[in-house]
Amino acid sequence: MNYQAYFEGKIQDRKTIHLPDNEIQQLVEQDLIVSYPGVIAITPSRFSMLKSPIFQCMRCQSTDPKMFAIHYCLYCAKNCTYCRHCLSMGKVAQCTQLLKWKGTLSSIQDTPLFTWQGSYSTDQRRAVDEWIVSCNQGKSHLVNAVCGAGKTEIMFGAIQHLLTLNKRIAVACPRTDVILELEPRFQDAFTNCRIDSLYGGSEKPLGLGTITLATTHQLYRFHEAFDVVIIDEADAFPYSADQTLVKAVKKSLKSDGVIHMISATPTKNLLFDTETVLPRRFHQHPLPVPRYEKLLTYEKSLKNKKIPPKLANWISKQIESNCPFLVFFPSVRMLEEFPGDLKRVHAEHPMRKNYVQLLRNGKIPGLLTTTILERGITIRNLQVAVVGAEQAIFTKEALIQIAGRVGRAADAPTGDVVFFHRGVTEEMHRAKKEIEKLNAL
């Protein structure tokens, strides 16, 4: 029995492992695995203002009191505290037995071949070379590149170098959509290489892949597994807003592991040693600059199941021109209020993946969406509209990312980005100015 493949690099619930108790106990006694409770109570110090225990989830590391609840547990037949923060990945409670491998990690068995057929621009080649220098020095690196600069291809160059150094790599992304977009591109670029893709609902393979593509939440499952973690879209929600995800990334790294980051809109709280800046796209054409259109009564119109005429005309124009399009809305409620039979998606929509693929294949004219599709989507000749661009959810970074969906192909480098609004906000102004600044550079 290859016990190493069952356990290495991962934190797992005993109930999910199909091995007899005596074999598990033998591994514990041999000091190959360690067993510990899923949720622990930390007694406050006598100097603390808190009087009751603080709970900590040993999988996601959350200590937020609002994230813990007590229920009568059928498994241990008593009242038991469980973690709600990572509940979507399976319940972890005080009675949960978590298992972690303490033995050595397996070496990489495959010999990956770099089979990407593209070529680099001068800027991209510079970015790859600078990133490789950081890899050789063991320094964390940020690639700060505009939407459409070819960040994935630049990442291929760095990963190819890391693979020659026999490194095990994780690429962590904020959303499932990005993983689904990256997976076939990685499979084409790195043949003869085990590439695992992990997201909500995906299969959880035994052992560790040479390259692991994972949503950031999936890194809760790992412990000292990777030599390198690359955070794609490092500024994006939820990674940028959840300290437990930051801890999860660090926990998934080996003791000498390094974090690298990629972003088109990096925030000031990102920590890195070296940086590469790419202010222009790979095809050398400028970024599409958003334009403003007043739409004062859009909320009232949509509540009454009417499409504002300006918006209706914009959608009709895209359909007549046979241009795929996305229309972004600030809330699910407003998305659902939109009349007609256009397909719509949001974070919890069960057909999100299918509808995006239908749009990419030209089977549907466009999609209505929340900000869930602001990143990681590349569709040739795409046109974009934002309804309610003045609302708080549309930050400068979100608006830049949304605009960045347009004009990404070398043979279709232009397109329309329209912000429908009832008053230009500072965030809208800053987004437009940032795009114009990058174009000037």
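Of all the listed residues (Ser106, Ser140, Ser134, Ser121), the sole one being more than 21 Å from Ser263 (Cβ to Cβ) and not hydrophobic (A, V, I, L, M, F, W, C) is Ser106. Inspect all residues belonging to the stretch 36-49 and state whether any of them is of a type in the set (Phe, Trp, Tyr) and out of contact with any strand residue (DSSP E or B) (no Cβ under 6 Å at 6 or more places or on another chain). Yes, the conditions are met somewhere in the stretch 36-49.
Annotation note: Cβ proximity below 7 Å between a residue of the stretch 290-313 that is of a type in the set (Phe, Trp, Tyr) and a residue that is assigned to a loop (DSSP other than H, G, I, E, B) and open to solvent by 50 Å² or more (accessible area, probe 1.4 Å) (sequence gap 6+ or interchain) occurs for Tyr292/Val424.
Residue count for the stretch 362-379 under the criterion of being in contact with a helix residue (DSSP H, G or I) (Cβ under 9 Å, 6 or more places away or on another chain) and part of a loop (DSSP other than H, G, I, E, B): the result is 10.
The residue pairs whose first member lies in the stretch 271-286 and is closer than 21 Å to Gly118 by Cα and charged (D, E, K, R), whose second member is in a loop (DSSP other than H, G, I, E, B) and open to solvent by less than 70 Å² (accessible area, probe 1.4 Å), and whose beta carbons are closer than 6 Å, counting only pairs six or more residues apart or on different chains, are Arg281/Gly148; Arg281/Ala149.
Residues in the stretch 69-93 that are in contact with a strand residue (DSSP E or B) (Cβ under 9 Å, 6 or more places away or on another chain), open to solvent by 70 Å² or more (accessible area, probe 1.4 Å) and not aliphatic (A, V, I, L, M): 6 in all. The selection criterion, being open to solvent by 80 Å² or more (accessible area, probe 1.4 Å), free of Cβ contacts under 8 Å to residues at least 60 places away in the same chain and outside any loop (DSSP other than H, G, I, E, B), holds for Lys66.
Candidates are the residues of the stretch 347-378 that are modelled with pLDDT under 95 and under 27 Å from Glu434 (Cα atoms); the one that is most open to solvent (accessible area, probe 1.4 Å) is Thr378. Kindly check whether there is at least one residue in the stretch 167-181 that is in contact with a strand residue (DSSP E or B) (Cβ under 7 Å, 6 or more places away or on another chain) and of a type in the set (Asp, Glu). Checked against the condition, which is being in contact with a strand residue (DSSP E or B) (Cβ under 7 Å, 6 or more places away or on another chain) and of a type in the set (Asp, Glu), the stretch 167-181 yields no hits at all. Considering (1) among the hydrophobic types (A, V, I, L, M, F, W, C); (2) touching a His at 6+ places or on another chain (Cβ under 9 Å); (3) in a helix (DSSP H, G or I); (4) open to solvent by less than 10 Å² (accessible area, probe 1.4 Å), the lone condition that Ala389 does not fulfil carries the number (3).
When the stretch 197-209 is filtered for residues that are within 15 Å of Gln12 (Cβ to Cβ) and either open to solvent by less than 20 Å² (accessible area, probe 1.4 Å) or in contact with a Leu (Cβ under 6 Å, 6 or more places away or on another chain) (or both), the ones remaining, listed by number, are Leu198, Gly207, Leu208.
The values are calculated or read from the model by the stated rules, or taken from the named source; none is laboratory data. The structure displayed is predicted, hence computed values, not measured ones. Using ideal geometry, Cβ is built from the backbone for each residue, glycine included, and neighbour counts are taken over all protein chains shown. Only protein heavy atoms, including side chains, enter the accessible area calculation; ligands, DNA and RNA are left aside. Shrake-Rupley method; radii C 1.70, N 1.55, O 1.52, S 1.80 Å.
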